[in-house]
Structure formats: C-alpha cells, structure tokens
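These notes are about the structure you will find just below.
The values are calculated or read from the model by the stated rules, or taken from the named source; none is laboratory data. Here the structure is a predicted model, which is why all the values come from computation and not from measurement. Glycine also receives a Cβ, built like all others from the backbone with ideal geometry; neighbour counts cover every protein chain displayed. Heavy atoms of the whole protein, side chains included, go into the accessibility calculation; ligands, DNA and RNA do not. Shrake-Rupley method; radii C 1.70, N 1.55, O 1.52, S 1.80 Å.
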Amino acid sequence: MSNNYWLKIEKFEFKDAIECLNSYDRKKFKFSPWIEDIVKKNNYAFNQNLLPIKLVRKSLKDLGFNKPKELEEVYDSINKHGLGLVTPEIAIYARLLYLDQPNGEWLRFATPFDSMIDTDGVPHLPKLGKALKSYFIETYWSYPKAIFHPHNDFILISK
C-alpha cells in the first residue's frame, strides 16, 4: 500500500461494532461464531476522535525476529518499534475495507491481550481471510505463550 501504511481509516460509518457486523452482506462476508459472541458481549463503540487511523502490516521478521517467538515477546517488540496494538472494533471495521486481499491469505491483527474474550472466557485476536469467493473475519487464540513465526504478519497501528 502507498504512504507506508496498509490501510487508512478516515471515518467510521457505524456507532459500534454490532452495527458494523450487522451490515456485513452475509453472502460476501462471513464471520465466526466467536466474532459474533465477542462483539455482542463487548459492544465496542467507534471513537471518531481517534481518526484518522493508519494501519501497517509487519511480519515478525520486520520486527527483528528470525526464529519463532511467543506472542508476549512480539507485543513487547511492537512498542519498541513505535507501533501500537489495534483495538477490536478497528479490526472488525477493516474487514469491510480490505477487499484486495489475495485468496488463501490469513492476516492477524495484534489486539491487546484480554480485549477479545468470549463468553467462555477464552481470549482471541481477529484475523481476516479470503477464500471460496468470500471475505472472512475469524479468530485465533490470543494467549501470551502462543507461538508465531518470522513469516507471520500482523496488522498494527502506526503512531
């Protein structure tokens, strides 16, 4: 993407993540039961005062890792690189905007620990995918000891 960012969000079309999720065209956009559960449980509001938001895409290798690392180590490194974690509602909104995604790609968002906990108490982070002529928003387990590899990409906030 141009200007050294992956996606720039200049406005929110919705007041909260529930409204955003309800706007998804279910034929084109699919979401997991975990996303629905987490959004309904937390009802994340969109904060217009944070705009514009510039998101960047970084691999663990871009963050200086050449071997598999635990998620807590990755998160510690994000701040050292002048980047920030993405709030859940921004990831949910980004699904509607990221439409040039290649088939078979799964792209994770680095969200704060414990910001996306389902009703069973399991922490998640969101990931976007494209396959079967559909755009997906799913989840991945988010716990400090989860292992990620140098080729894994995360979406982060550019400060």
Only one of L71, L128 is at pLDDT 95 or above and more than 30 Å from K28 (Cα to Cα), namely L71
Give the stretch 4-32 a look and list any residue that's part of a helix (DSSP H, G or I), open to solvent by 80 Å² or more (accessible area, probe 1.4 Å) and touching a residue at least 24 places away in the same chain (Cβ under 8 Å), or say none. N4
When only residues in the stretch 51-110 that are charged (D, E, K, R) and within 18 Å of E13 (Cα to Cα) count, which is farthest from the chain's Cα centre (by Cα)? K54
For the condition part of a helix (DSSP H, G or I), open to solvent by less than 60 Å² (accessible area, probe 1.4 Å), touching a Ser or Thr at 6+ places or on another chain (Cβ under 9 Å) and not polar (S, T, N, Q), what is the one hit in I35, I92? I35
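Can you tell me which residue among F154, F136 is touching a residue at least 12 places away in the same chain (Cβ under 8 Å), closer than 25 Å to I38 by Cα, in contact with a Lys or Arg (Cβ under 9 Å, 6 or more places away or on another chain) and surrounded by fewer than 19 Cβ atoms within 10 Å (Cβ to Cβ)?
Values: F154 fails: surrounded by fewer than 19 Cβ atoms within 10 Å (Cβ to Cβ).
That would be F136, the only listed residue that is touching a residue at least 12 places away in the same chain (Cβ under 8 Å), closer than 25 Å to I38 by Cα, in contact with a Lys or Arg (Cβ under 9 Å, 6 or more places away or on another chain) and surrounded by fewer than 19 Cβ atoms within 10 Å (Cβ to Cβ).
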In the stretch 44-69, how many residues are open to solvent by 50 Å² or more (accessible area, probe 1.4 Å) and outside any helix (DSSP H, G or I)? 12
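For the subset of the stretch 99-118 comprising residues that are farther than 16 Å from F31 by Cβ and either out of contact with any strand residue (DSSP E or B) (no Cβ under 7 Å at 6 or more places or on another chain) or of a type in the set (K, R) (or both), which member is most open to solvent (accessible area, probe 1.4 Å)?
The selected residue is D100.
Taking the stated definitions as given, is K41 touching a residue at least 12 places away in the same chain (Cβ under 8 Å), surrounded by fewer than 17 Cβ atoms within 10 Å (Cβ to Cβ), in a helix (DSSP H, G or I) and of a type outside the set (F, W, Y)? Walk me through how you get there before you give the answer.
Values: touching a residue at least 12 places away in the same chain (Cβ under 8 Å): yes; surrounded by fewer than 17 Cβ atoms within 10 Å (Cβ to Cβ): yes; in a helix (DSSP H, G or I): yes; of a type outside the set (F, W, Y): yes.
Yes.
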